[in-house]
Ligand SMILES: Cc1ncc(C[n+]2csc(CCOP(=O)(O)OP(=O)(O)O)c2C)c(N)n1
Ligand SMILES: Cc1ncc(C[n+]2csc(CCOP(=O)(O)OP(=O)(O)O)c2C)c(N)n1
Ligand SMILES: [Mg+2]
Ligand SMILES: [Mg+2]
C-alpha cells in the first residue's frame, strides 16, 4: 500500500518518489510485497529479532519513566527506530565493529552490550561508557558525525592488517550528514575502499530541524555519488528490508565483486516517534499528525503481523516474551542503581600511567574528602 | 580535436568521457567548435582579455625569477590556469565579491587589485594582504577551503540585505573538495539558496596528490548533486568557455528562473603546468609528459590563434601589448621593493581599539629598539 | 577601569546605559540573554541570529524563545547541523554588513568551528590591515553541574583567550548577561560569549528593560575585602561568594571577590589593583588547571606585583581530566569547600 | 627526573636506549625525524604514516623522504586533503591495532582536526574506562622564522597542553628529535609532536643509528647556571643559548637553560628544582604571551617555590597579535636581545 502519503513521507517531494522509492519487503500491514524476497532467517531468529525489538521498545518506555522520576539523566528515545537498529545489528558478524550514537541502545544490545551497560551512563557513573571485554562496540558518540572518519579508519586498519572480513558499521542521523566529518569520512572510505557500511538513520528531524531544511539534496542516499560509492534507500521501519540490505552491504564490504567498491551508504528512512531527548518538547516545532502517519507503519506491529500470519508467533509465545523482557529490565535497573563510583576513579585512565600532576590533584582531593567528608562536596552548586 | 587522449585527461576514466565531457568553445587549435556559441564580447574586450592573460603569464615568470633571486618569498605559480582566472573575473560585475586562494593572482588583478598589491605579501610587508578601498576582494585564503562557507555567508548576507544581484564567486582547488568546509559551505548555499558561484580549479594535483587519489567520485562537478545545486564541467584552458559558463552561472545566481537554484559548482578542468609553489619540485611525483600534453591546449595560444584568425590581433598590437606589460611589471616590482614596514604596525588592527596589554607590548618593543637599535633584531634566528 | 557593584551582583551603577527609563524586569540569566537578543534585534536591523534549533524551537535552552515569531525566519535562522558552516557563513554575513549572533549549542561542540574562529574570525581585521572586520558574536553555553552527558560540560575558555583578535566575555548575573551581550553585539570585533548554564535559571534579579552596555574589558568587584582576593567568573562566582561568607563567619577572613567578566582582553588593572591591596590571591575556575586562564592571572600578578605578594597564589580548578559523567561532577567542579580551604591556606601561609 | 646534557645539545648520556652499537650519523633535525620514522617502520610492522604529500613527495619538508619506496604505499599513505579525516581515520587505525603517525603539514592547519584531537584522541581511553586507547602520534612542523606566508608560523602549543589526555613533545636538537619521536610512537597515548621547523636544517649533530627513546615528561638542563633559569623549548633554545653566552660575557651573569622537551605532562620537578637553585626565572616562547604555556610555568613556580622567588618571572614571548608576514617576524619572535634584556632585568630586580 504505497500511497501518495507514503511518497511524501519518504521522498524529498512526491515527484521524486519513483526513482528513490525505498526498498521494502514487508508492506505496512506486515504482508510480504509482491516480488520481495524475504531474507533467509529461521523462525527462531525471527522470533528473537521480534523479542529484541519489543525489548527495545519497553526499554525506551522504562528509561523515559526513570528519567521523569529523576532517577536517570537525559535520555534519547528510539521508539520507531528500534526495528532498524535491531535488524542492522542482526546483520553483523560477532567480530564486526559497531559505531553507535547516543540513540543506538538497541543496536548495541543486540551486538553484545548488557542492558546494564546501556543504563550506566544515564546514572552518571564514572565508568558509564566502559565497554565489556571482547565486545567490538565503541562508546556512544555524542559530538555529531565524529564517529564517521573513525569508523572508516577502523575498517581501513582491519583491511591493512589482512582482516577485510572484519567490517565496521557506523550509525548517524540525517542531521549528521551536514557535518564536515561526514564528508571527510565517506571520502576517505571511497578513496581507500575500506570495509565499512554507513547507516544514516534518517528520522526526518535533527532535534527541531526537519530533513528538508538540513540539505537541498533530494535524498541522502544520493550523496554517496560524491564519494564514488553506492547509496541505497531502505524503509527503516521494515526490519526485514533493513536486515537484507545491511547484510548485502556487509557482504560487499567484506568480499566485493570485481567492480564493486566496498563502502555503502544506507539511508534508512524512518521517523523519531517521540522527543529528541527527554529534555526536548517536540510540540514546539512539529505536528503530532505527522508522527501518527508514520506510526501506521510501525516496525513492531509489522513484524508481529508477519509472524502471526506465518504462525511463528502466538499468544503464548508473546506472553513468554513479555515476561522475559520485564524481568530482564527490572534486574538491570536494580543492578545499575545500586552501583556507585569512587571519586578517585576520575583520575584513572586519563593516561596509561598517572602523571605526577594528576597524582597530586588526586591526593589533594582525597585529603580534602578525608578532612571534611563527602557531604561537603554535595552542596548545591548553584 | 577531442582525442582519446583528451578524454583521459579530462575524465576520471575514458569511459566517462561521454557524459561528463567538459564544455568547450574554442578547440585546442583555437578554432571555434561546431555548434559552439562564442560569447558576446567586443574585439576590444577580447584583446583586453588576451592582454590580461599574457600579463598573468609574464607576472608568473617574473615572480618565479624574483623568488629565485631571493627577492620575494615562496610564490604559487598559475601558468596554465590564467585563462580561467582572467575569464571568470571578466564575468564578474564590479560589485561582485571575489574569494581567491593563494594562486588566483590574475583573477584578483582583473577584478581590481593593482600588481603592487599582488607582490606585497611576497615581500612580507605587514600590510601585504591589505585590500584597497572599494575593491570587493578578500585577502587570499591559505588554509584550504575555509573561504567556501565565508563566500556562502557573504552571498547570503547580500541576499538578506536585498542585494541578491551582488554575487560572490569563490575559487578553490581540487584538493579543497576533500575538506569539510567545502561540504558545509556548499550545503548551506543549497539550503539558503544564495547567489554564489563556486569555481573548482581542478588542476589535477593538490601538491603531489593526483586528482583520482583525492576522491573516488568520477567528476568533481557531480558532487553538486549532494547539495541540490547544479554542477557543470568546463574546459578550464578555454577562456571563452570559462567566460560563458561563469557568466551564465552568475546570471542564474542573481536572477534565477522559476525552478532554478542560485548556486552553481563549476568544475574548471585544467592543469598546473609548473610547480605547486617555488618551494615544490614536481619531478618528485609526476611525469613531465603529462604536463606537456596539457600544454598542447594552452589558453594563451588558443586565444591568440582565435584572435589572429579573426583579424583582431596582429603583430603590431601584440608588440604594443608586450611593451605595456613589461613596463607595468617593472614599475610594480620597483614600487614594492622600495616599501618597508614599521614594526609598530604589527600591533595595529588586531582589534578596532588597541587593548592595554597590546599597548604595553608595543611600547616595550619600541623602547628596546630605541635602546639597542634595529640591527639587534636582525640576528640570525637559528 | 574598575566597576564596583553591590553584593547582589547587579551592575547598574556604573554601566554605560542607553536607558531612558528606570523600568526593570526580574529575569533569570537565560532570560536576560534572550532580552539582550530581543533588544538588539529590535534596535538594529543588521542584527541576526543563526544556529541549530534557534528558530521554532527557541534554542535548546530557550535563549531564543519566540524570537523567530517576532523577527522572521530570515533574522532568526535555523541552520544545518554544521558548526564550521555556522561560524564560516557567519563571518561572511558579518563581512557583508550584518551583525550575526551565532549560537553553538554547547561549548563542547565549538571545536568543529575552531579553524574558522581562530584562523579567520580572529584575524581578518589584522590580515586585511583594518579593511575588513568581523563584528560577530559566538554564543556558547558552557560549564558543568547540570548532570549532562559528556561534552556538554566543557569549560575551555583558555583556547579562545590564547588567540589574539578574539574577545571573550562571561557574565555571572542576569544584569551583566544583558549588558555584556549588548556590548558584544555592538563591538566591532568578534566576541566569544560564554554563558554559564549552571546558573541559567539559578536566580533572578532586576534587569533594566532598556538597552544598556556593560563594557567589555572591565572586571567587577563583587565583594570587597582586605585579606585575600578571589578571582573568578561565570558560575563559579556562586560557590566563591559562599566560601567568602563561610570564612568570614568562621575565621574572620575578609575576602574580596573579583568577577573578571571579560577574559580577553583581561582587565589587568583591576586584577593588580585588588592584589596590591590584599597581597594574597586564589583563582577559581572550572576548566582544567594546566594552562587554564588561572595560570595567566597568576603569572600576570607575580609579574606586576611581586613585591606585594605574601603567599603563593592558589588555583582551585577543574582537574586535568576529562569532565567525568555526572555522578562525580560535584567533585570535579570547584566547590565552596575547596575554595574555602585554598583561602585558608593562602591566608595562613 | 632531570637529565643533564652537554652544551652541544646531545642527550645521549642518560636516555633509555636500545642501542647495541655506538654508531652514529650526523643528522639535521628533520633528518633525525625521518630516521626515527624509518627506525620504527622497520622495527614495528604496526607503525604507519599518513598525511598530505607524505608519499611520493616525501613530505613538504622531506621528513618522510623515500619512506614510501622502502615501506610501500600501504604503510606510508598520501591522504586526501582533509585534516579531520586524517586524525579521525588515524584514531580508527589506532583503535584497530596499528600505530599511526599522522603528519599535519603545518600547525596552522591542525585546527580543522581540533575536534577529533581534543574530543576523541585525547579522551577515548578515559571514556572507555581504559578499554580502548589511541596510540597515535600527530606530527606538526611549527613556529616562525622561515619567511613563510600567514598560517605557516603558528606556535599554539598551549591549545594542546590544556587538553587532558594529550601529551605534547617538542625536540630542540636532532638527537632529541629522534629519541622523543621514537618514545612518542611507542607511547600508549596520543602525542602531539611539534617540530621546530626553523631549526629543521640549522645544524647537525651525532645521532645514534640504533633505536633509542628520550622519555616523555623529562626536561633537560641544556646549560647549567646559578643566577637565573631560562625555561624554553624548540627553536627558542638557540637564541636563549646565545643570550646566556652574551650576558655571561658582558655582565658575568650565570644562566641555566632548561629545555622542557615535553610540554604535557610538564616536568614540574625539574622546573622547580632549577628555580630553587637560582631563585629567578625567564620564560621564552614563540606563542602569544597571554595564556601561553609560559603562564603555566610561572604560575606553577610561584605556587611551588614562592619562598625562593627573588624577582618577577618574566616572559619573553610572541606578542598578542597574529604572526605578521615575514618582514616583521624577527621583531615578533623572541630574539636573543629580548631574552638578554629580560635576564638583566630579572637579575637586577
Ligand atoms: C557537533 C555537535 N553539534 C551539536 C550537537 C547537539 N545535538 C545533539 S543531537 C543533535 C541533532 C542530531 O540530529 P541527527 O543527526 O538527525 O540525529 P538524531 O538525533 O535525529 O538521531 C544536535 C544538534 C552535538 N551533539 N554535536
Ligand atoms: C587546511 C590546509 N591544509 C593543508 C594546507 C597545505 N597546502 C597548501 S596548498 C595544498 C594543496 C592544495 O591543492 P588544491 O586544493 O588542489 O589547490 P592547488 O594548490 O592545486 O591550486 C596543501 C595541502 C593548507 N594550506 N591548508
Ligand atoms: Mg535525525
Ligand atoms: Mg589542485
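Of all the options D:237, D:86, D:337, the one that moves most in a Gaussian network model of chain D with Cα springs shorter than 10 angstrom is D:337. As a rough footprinting exposure proxy, the listed residues B:330, D:39 were ranked by other beta carbons within 10 Å of their own, and the order from fewest upward is B:330, D:39. For the stretch C:210-272, the gyration tensor built on C-alpha atoms gives a prolate shape. Its axis ratio a/c (a ≥ b ≥ c) is at least 1.5, and a/b is the larger of a/b and b/c.
Legend: ranking of residues C:233, A:205 from fewest to most surrounding C-beta atoms inside 10 Å; resulting order A:205, C:233. When the Cα gyration tensor is reduced to axis lengths a ≥ b ≥ c, the ratio a/c is 1.5 or higher for the stretch D:46-96, and with a/b not above b/c it is classed as oblate. Comment: the Cα-to-Cβ extended label point of residue A:374, at 7 Å, lies 6.8 nm from its counterparts in the other copies, nearest first. Note on residue C:250 and residue A:289: their simple-model spin labels are 6.3 nm apart, each label 7 Å out from Cα toward Cβ.
Here the relative contact order of chain A, from alpha carbon pairs under 8 Å that lie six or more residues apart, stands at 21 percent.
Treating r as the C-beta distance of residue D:276 and residue A:371 and R0 as 30 Å, the FRET efficiency rounds to 0.60.
A viscosity of 1.567 mPa s and a temperature of 4 °C, combined with the Kirkwood radius over C-alpha pairs in the Stokes-Einstein formula, give the stretch B:192-315 a diffusion coefficient of 79 µm²/s. Secondary structure note: in chain A, about 10% of the DSSP beta bridges are antiparallel.
When its C-alpha radius of gyration is set against 2.2 N^0.38 Å (N residues), the stretch D:289-349 gives a value of 1.30. Quick check on the stretch A:75-209: take the gyration tensor over C-alpha atoms, sort the square-rooted eigenvalues as a ≥ b ≥ c, and tell me if it's rounded (a/c under 1.5), prolate or oblate. Because a/c hits 1.5 or more and a/b fails to exceed b/c, the stretch A:75-209 counts as oblate. Normalised Debye scattering of the stretch B:269-347 at q = 0.12, 0.16, 0.27 Å⁻¹ gives log10 I(q)/I(0) of -0.69, -0.93, -1.13, counting only Cα atoms as equal scatterers and leaving out solvent. Here the Kirkwood formula puts the hydrodynamic radius of the stretch B:74-134 at 12.1 Å, using every distinct Cα pair. Taking every C-alpha pair closer than 8 Å and separated by at least 6 residues, the mean separation divided by the residue count of chain D gives a relative contact order of 19 percent.
Shown for residue C:249: label points 7 Å from Cα along the beta-carbon vector, and their distances to the equivalent points in the other copies, 6.6 nm in ascending order. Rg and Dmax, both from the Cα atoms of the stretch D:26-75 and both in Å, are 10.1, 30. Using bins of 5 Å that start at zero, the share of Cα-Cα pairs per bin across the stretch C:252-295 amounts to 5, 17, 28, 26, 17, 5, 1, in whole %. Size descriptors for chain C, from the alpha-carbon set: Rg then Dmax equal 19.4, 59 Å. Normalising the Debye intensity of the stretch B:226-382 to I(0), with uniform scatterers on Cα atoms only, and taking log10 at q = 0.12 Å⁻¹ returns -0.98. Footprinting exposure proxy ranking of C:35, B:133, fewest other C-beta atoms within 10 angstrom first, gives B:133, C:35. DSSP bridge analysis restricted to chain C gives an antiparallel fraction near 20%, rounded to the nearest 5. What fraction of the Cα pairs in the protein assembly as shown, stated in percent, has a spacing above 49 angstrom? Counting every Cα pair in the protein assembly as shown, those more than 49 Å apart make up 33 percent. The protection proxy used here, the mean number of other Cβ atoms lying within 10 Å of each residue, ranks peptides A:97-105, D:57-65, B:366-374 as follows, highest first: A:97-105, D:57-65, B:366-374. Against chain B, whose longest principal axis comes from its Cα atoms, helix B:82-91 is set at around 90 degrees. Taking every C-alpha pair closer than 8 Å and separated by at least 6 residues, the mean separation divided by the residue count of the stretch C:220-347 gives a relative contact order of 30 percent.
In nanometers and ordered shortest first, the copy-to-copy spacing of the residue B:310 label point, defined 7 Å from Cα toward Cβ, is 6.9. Per residue, chain D reaches -9500 deg cm²/dmol at 222 nm when only DSSP H runs of four or more residues are counted, each adding -39500 (n - 2.57). Here the translational diffusion coefficient of the stretch C:24-208 follows from Stokes-Einstein with Rh set to the Kirkwood radius across Cα pairs; for 25 °C and 0.890 mPa s it amounts to 152 µm²/s. Secondary structure note: in the stretch C:220-347, about 20% of the DSSP beta bridges are antiparallel. By the equivalent-ellipsoid construction on the alpha carbon gyration tensor, the stretch C:114-264 comes out with semi-axes of 30, 17, 16 Å, ordered largest to smallest. The equivalent ellipsoid of the stretch C:221-349 has semi-axes of 22, 18, 13 Å, largest first, where each one is the square root of 5 times an eigenvalue of the Cα gyration tensor. Could you list log10 I(q)/I(0) for chain B at q = 0.07, 0.09, 0.12 Å⁻¹, which the Debye formula gives when each Cα is one point scatterer? With no solvent term, the Cα-only Debye profile gives -0.34, -0.55, -0.95. How much of the calculated P(r) for the stretch B:161-255 lies past 24 Å, in percent of all Cα pairs? When all Cα pairs of the stretch B:161-255 are counted, 21 percent exceed 24 Å. Where chain A is rotated onto chain B, the residue of A whose Cβ comes nearest the axis, and that gap in whole Å, is A:180, 1.
With contributions of -39500 (n - 2.57) from each DSSP H run of at least four residues, the per-residue ellipticity at 222 nm computed over chain A stands at -13500 deg cm²/dmol.
Read-outs throughout are calculated quantities, based only on the coordinates presented, and are distinct from any laboratory measurement. The shown structure was predicted, so the numbers you read here are calculated from the model rather than taken from an experiment. Note that each Cβ is placed from the backbone with ideal geometry, even for glycine, and that neighbours are counted across all protein chains shown.
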